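S.K.: Below are the structure tokens for one structure; questions will follow.
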Amino acid sequence: VRVLGNRRTAALLGVAESQPSRWRNAVEVPSAQVAPLLVDLDHVVARLQLIWDEEIIGDWLEGPNAFLEGSRPIDVLRINGSGPVLEAIEAEAAGAYA
């Protein structure tokens with residue numbers, strides 16, 4: 001939430017705009033359906049922070065990615081978990097070409 005902001009985090013997770021700040025302030029906890037995706041997203045964002053400036057991370061998550069066959073990383077994260085997304089991050093960090 002700190003990196004992506006409430007609005008973008010909510011949109012990426014498919015929740016109400018107020019929920020990320022409520023989680024961050026311990027007013028409520030993520031639902032059982034959202035919690036695994038939130039954990040995966042947090043892991044991916046933490047890895048991306050090691051490579052790029054924070055301003056780029058949201059755009060990277062929502063943009064098409066050649067290492068993911070043109071899919072958006074956030075969509076792959078939702079469907080297949082963090083594994084393929086982390087592999088795409090590693091490929092980009094290593095300077096590989098798709």
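S.K.: What are the pairs with Cβ atoms under 9 angstrom where one residue, in region 48-74, is free of Cβ contacts under 8 Å to residues at least 12 places away in the same chain and the other, located anywhere, is surrounded by fewer than 13 Cβ atoms within 10 Å (Cβ to Cβ) and not in a loop (DSSP other than H, G, I, E, B)? Sequence gap at least six, or different chains.
M.R.: Here the result reads Ser71/Ile79, each pair linking region 48-74 to a residue that is surrounded by fewer than 13 Cβ atoms within 10 Å (Cβ to Cβ) and not in a loop (DSSP other than H, G, I, E, B).
S.K.: So in region 58-75, with the set limited to residues that are of a type in the set (D, E, K, R) and not in a helix (DSSP H, G or I), which one is surrounded by the most Cβ atoms within 10 Å (Cβ to Cβ)?
M.R.: Start the filter on region 58-75 by keeping residues that are of a type in the set (D, E, K, R), which leaves 59, 62, 69, 72, 75.
From what's left, not in a helix (DSSP H, G or I): 69, 72.
Details: Glu69: 11, Arg72: 17.
Residue satisfying both the conditions and the ranking: Arg72.
S.K.: Only residues that are surrounded by 14 or more Cβ atoms within 10 Å (Cβ to Cβ) and at pLDDT 95 or above: list them for region 82-92, please. Break it down into steps so the answer makes sense when it comes.
M.R.: Within region 82-92, the subset surrounded by 14 or more Cβ atoms within 10 Å (Cβ to Cβ) is 82, 84-86, 88-89, 91-92.
Matches in region 82-92: Ser82, Pro84, Val85, Leu86, Ala88, Ile89.
S.K.: Determine whether Val45 is within 10 Å of the chain's Cα centre (by Cα) and free of Cβ contacts under 8 Å to residues at least 40 places away in the same chain.
M.R.: no
S.K.: In region 1-57, what residues are aromatic (Phe, Trp, Tyr) and either buried (at least 16 other Cβ atoms within 10 Å of the Cβ) or assigned to a helix (DSSP H, G or I) (or both)? Can you show your working first?
M.R.: Start the filter on region 1-57 by keeping residues that are aromatic (Phe, Trp, Tyr), which leaves 23, 52.
Matches in region 1-57: Trp23 only.
The values are calculated or read from the model by the stated rules, or taken from the named source; none is laboratory data. All of these numbers come straight from a predicted model, not from anything done at the bench. Cβ coordinates were reconstructed from backbone atoms using ideal geometry, including for glycine residues, and neighbour counts include every protein chain displayed.
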